[in-house]
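Here the structure is laid out as structure tokens; the discussion comes afterwards.
The values are calculated or read from the model by the stated rules, or taken from the named source; none is laboratory data. Keep in mind the model is a prediction, meaning the values are calculated, not measured. For neighbour counting, all protein chains shown are included, and Cβ atoms are generated from backbone atoms with ideal geometry for every residue, glycine included.
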């Protein structure tokens, strides 16, 4: 029924990582400036651009009766990369104003955000707890769309003449709702290059892994050695506060590595496995 909704809304799309790359010190101001520039092209000086963004969105909605759809990519970029508590707090308050203010109840038709970290437990903030979350640990009913399913990988292996068992050993990272999920980026690269390798290591920093392993909470290193030998380790994912700077236990560290994609996860058995063996081995 997409045609029913097509071209019926004002859409704002923000990629937070692009702002973070160039505007670490004035992140929120830069986001506002970019959005306000778009407003000015349409509404010229009929709006007061000294007002907060959620106030302007509300005014535009009442002028046009057209609600907003707001899409944010890598919403957690600031959370993952900044140790500035004031910046993180200001950023969360900014998101709160867009998605959870009294004004947003009027102008906001849909908020859609993507990121590595879940959104509920960032320290003591509740800025985004009105979202419906879909994570690698709790993805139902859209699990099969999170990556390549086993059937899809088998078809790709036939098409590209790759050994399925080898690809499975490398990239069969998650078992969720009875569905085996494969990292689509890694599988695609393996098919193109005709070679299984740790392609994921080129898309994320290793610093977090090194930090978590050296913490050695309650025998964390020993558990990693168990996983490297092909074993599984039980993980309680409930305590993780979704903040890479707030790790206080072995379960927190493992849950973070699961979300980052370095450890595989079996949701049925609540256990973790090493996703790409050579990735972790480099740290010993």
Within segment 234-249, can you find the residues that are surrounded by 20 or more Cβ atoms within 10 Å (Cβ to Cβ) and either at pLDDT 80 or above or part of a helix (DSSP H, G or I) (or both)? 235, 237
Filtering segment 144-184 for residues that are on the phi < 0 side of the Ramachandran plot and not in a strand (DSSP E or B) leaves a count of 27
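Quick test for you: out of 15, 38, 21, pick the one residue that is loosely packed, with under 14 Cβ neighbours inside 10 Å, at pLDDT 90 or above and farther than 16 Å from residue 107 by Cα.
Among 15, 38, 21, only 38 is loosely packed, with under 14 Cβ neighbours inside 10 Å, at pLDDT 90 or above and farther than 16 Å from residue 107 by Cα.
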Breaking point among (1) modelled with pLDDT of 95 or more; (2) crowded, with 19+ Cβ neighbours inside 10 Å, for residue 69: (2)
Does residue 222 count as at pLDDT 75 or above, surrounded by fewer than 20 Cβ atoms within 10 Å (Cβ to Cβ), closer than 18 Å to residue 146 by Cα and outside the structural domain of residue 187 (by TED's automatic domain parsing)? no
Select from segment 80-112 the residues that are within 20 Å of the chain's Cα centre (by Cα), under 17 Å from residue 10 (Cβ atoms) and crowded, with 18+ Cβ neighbours inside 10 Å and list them in ascending order. 98, 99, 111
Pair list, Cβ < 7 Å and 6+ apart or interchain, from segment 79-101 residues that are farther than 16 Å from residue 68 by Cα to residues that are surrounded by fewer than 16 Cβ atoms within 10 Å (Cβ to Cβ): 83/245
